[in-house]
Amino acid sequence: MIRIGILGDIGSGKSYVAQNFGYPVFNADQEVAKLYKKDKKIFDKLKKILPNHFHSFPVQKKEILSAILSNKNNLTKIVEIIHSEIRKKMNFFLKKYKKSKIVILDIPLLLENKINNREDILIYVQSKESKILERLKKRKNFNRTLLNKFRVIQLPISYKKRKSDYIIKNDFTKKSVTNAIKNILKKII
């Protein structure tokens, strides 16, 4: 099985690119949302370490945002709890799709949390900063302070690009993304 890890800045279109490969995708953001909505143990762990921010189950997005914005260390605490569960869910996904020729790992902190394997093919999704900000501002809960806090825990973009085997320039048109994916798949299959 070939594992492809998708890297890129927040809002660069990583999930969009991942979906267009046509292979099973492990989307960590979707899995995190499910944990907040359905996993009482996650709520209990969050409430234990941040009792002033987490009050009721299911976990509310505003509680997460409040915790992160109130103290720079809270994001790290939350990530530690969530990513151990995400790792378990990813391992289940990999077992489920072990016969698949390719799987796509859409995990925002793939390198930061050392979730990738040395053999993984890494693809960096590059987008113009102006386009990224334009897209992010359309999100319901966009907050520039929060965006900056998330960026602080991420490895530098230059490092991610260097570690990547391929770069997809995402201009947010289906044609350019599809063509880039086809070219990469020709090289790796």
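The values are calculated or read from the model by the stated rules, or taken from the named source; none is laboratory data. None of the values given here were measured: they were computed from a predicted structure. All Cβ positions, even for glycine, are placed from backbone atoms using ideal geometry, and neighbour counts span all protein chains on display.
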message: Let me confirm something: among Leu122, Leu75, which residue is of a type outside the set (Val, Ile, Thr) and surrounded by 19 or more Cβ atoms within 10 Å (Cβ to Cβ)?
response: Leu122
Residue among Val59, Val17 that is without any contact (Cβ under 8 Å) to a residue 60 or more places away in the chain and either closer than 24 Å to Glu134 by Cβ or surrounded by 21 or more Cβ atoms within 10 Å (Cβ to Cβ) (or both): Val59
- prompt: Regarding Leu109, is this residue within 26 Å of Pro24 (Cα to Cα), under 19 Å from the mean Cα position of the chain (by Cα), surrounded by 14 or more Cβ atoms within 10 Å (Cβ to Cβ) and at pLDDT below 95?
  reply: yes
field: Test for Ile132: is it modelled with pLDDT of 90 or more and either outside any loop (DSSP other than H, G, I, E, B) or under 13 Å from the mean Cα position of the chain (by Cα) (or both)
entry: no
message: If Asn27 meets every condition in (1) at pLDDT 95 or above; (2) loosely packed, with under 12 Cβ neighbours inside 10 Å; (3) not aromatic (Phe, Trp, Tyr) apart from one, which number is that one?
response: (2)
statement: Note: among Ile168, Ile157, just one is of a type outside the set (Lys, Arg), surrounded by 12 or more Cβ atoms within 10 Å (Cβ to Cβ) and within 16 Å of Tyr16 (Cβ to Cβ), namely Ile168
- request: Return the only residue of Val32, Val59, Val79 being out of contact with any Asp or Glu (no Cβ under 8 Å at 6 or more places or on another chain), β-branched (Val, Ile, Thr) and within 30 Å of Thr173 (Cα to Cα).
  value: Val32
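Table: residues versus (1) within 20 Å of Asp9 (Cβ to Cβ); (2) surrounded by fewer than 13 Cβ atoms within 10 Å (Cβ to Cβ).
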{"residue": "Ile81", "(1), (2)": "no, no"}
{"residue": "Lys88", "(1), (2)": "no, yes"}
{"residue": "Lys138", "(1), (2)": "yes, yes"}
{"residue": "Phe142", "(1), (2)": "yes, no"}
{"residue": "Leu146", "(1), (2)": "yes, no"}
{"residue": "Ser176", "(1), (2)": "yes, no"}
task: Tell me which residues, restricted to the range 162-185, are among the hydroxyl-bearing types (Ser, Thr, Tyr) and more than 20 Å from the chain's Cα centre (by Cα).
output: Thr173, Ser176, Thr178
